[in-house]
Amino acid sequence: QTDASYTTDGHVVPLSYTDTEGATVNLDYEIPSNTQCFQCHNKSNIITPIGPKLRNMHFNNQLEDLIGDGMLTNVTNLSELEALPSWEDTANFTLEERARAYFDVNCAHCHQPEGSCGTETLLDLRYETRFNETSIYETRFSILTRIQNQIPDYGMPLIGTTIIHDEGVALILEYINTL
């Protein structure tokens, strides 16, 4: 696909893809409405992007490529930038580092004091938050139940996803089972 259309209304589109095992997966992909998008892209009542952050992209020459293409400016010394651990890199990072990085990338945009869930829960999933201030331990059973289900208005994330990230769930399950 090379074209995109802007719409403020959410809708469902049929989608087909090949998974890592080579099997074809058919599903109905839910595109959130403009109002639903604001639920997650809300930081202190300002619409903000939740995807690319320098520390999430500081590997495999991604930043160098963006600088070279003129898409990233005002970065003078890449060696001074922090990088999050790769959640897949079992050789160089501990289970806790990988799980906490996964939480930061996938959950902390909502689950932090200024995020859209900041008033609903004490859960703070930013990587730099000290463990005893995250509430991960206190909410561990809820976390596991919610990331393993696609029940409307219950599974996590609440909107913006159609499939469960099995590898991510396995990582978080392994981590929480060590607590």
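The values are calculated or read from the model by the stated rules, or taken from the named source; none is laboratory data. Note that this is a predicted model, so its numbers are computed, not measured. Cβ sites come from the backbone with ideal geometry, for glycine too, and all protein chains shown count toward neighbours.
Structure data summary
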read-out: Any hit, segment 89-105, residues being aliphatic (A, V, I, L, M), surrounded by 12 or more Cβ atoms within 10 Å (Cβ to Cβ) and modelled with pLDDT under 95; value: yes
read-out: Matching entry among Asp3, Asp28, Asp65 (being part of a loop (DSSP other than H, G, I, E, B), acidic (Asp, Glu) and more than 28 Å from Ser135 (Cβ to Cβ)); value: Asp3
read-out: Total residues in segment 113-133, condition among the polar types (S, T, N, Q) and at pLDDT below 90; value: 3
read-out: Residue match in segment 23-44 (condition: within 30 Å of Arg126 (Cβ to Cβ), exposed (fewer than 10 other Cβ atoms within 10 Å of the Cβ), out of contact with any Asp or Glu (no Cβ under 8 Å at 6 or more places or on another chain) and polar (S, T, N, Q)); value: no
read-out: Segment 49-79 - residue that is free of Cβ contacts under 8 Å to residues at least 40 places away in the same chain and among the β-branched types (Val, Ile, Thr) and, of those, farthest from Thr7 (Cα to Cα); value: Thr76
read-out: Scan of segment 62-87 for residues that are surrounded by 12 or more Cβ atoms within 10 Å (Cβ to Cβ) and under 28 Å from Leu171 (Cα atoms), ordered by number; value: Gln62, Leu63, Leu81, Ala83, Leu84, Pro85, Ser86, Trp87
read-out: Qualifying residue in segment 45-62 (condition: under 30 Å from Leu179 (Cα atoms) and charged (D, E, K, R)); value: yes
read-out: Ile136 at pLDDT below 95 and either farther than 20 Å from Leu84 by Cβ or β-branched (Val, Ile, Thr) (or both); value: no
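Rundown of residues vs (1) more than 14 Å from the chain's Cα centre (by Cα); (2) surrounded by 12 or more Cβ atoms within 10 Å (Cβ to Cβ), yes/no style:
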residue	(1), (2)
Gly115	no, yes
Glu120	yes, no
Asp124	no, yes
Arg130	yes, no
Arg140	yes, yes
Leu144	yes, yes
Met156	no, yes
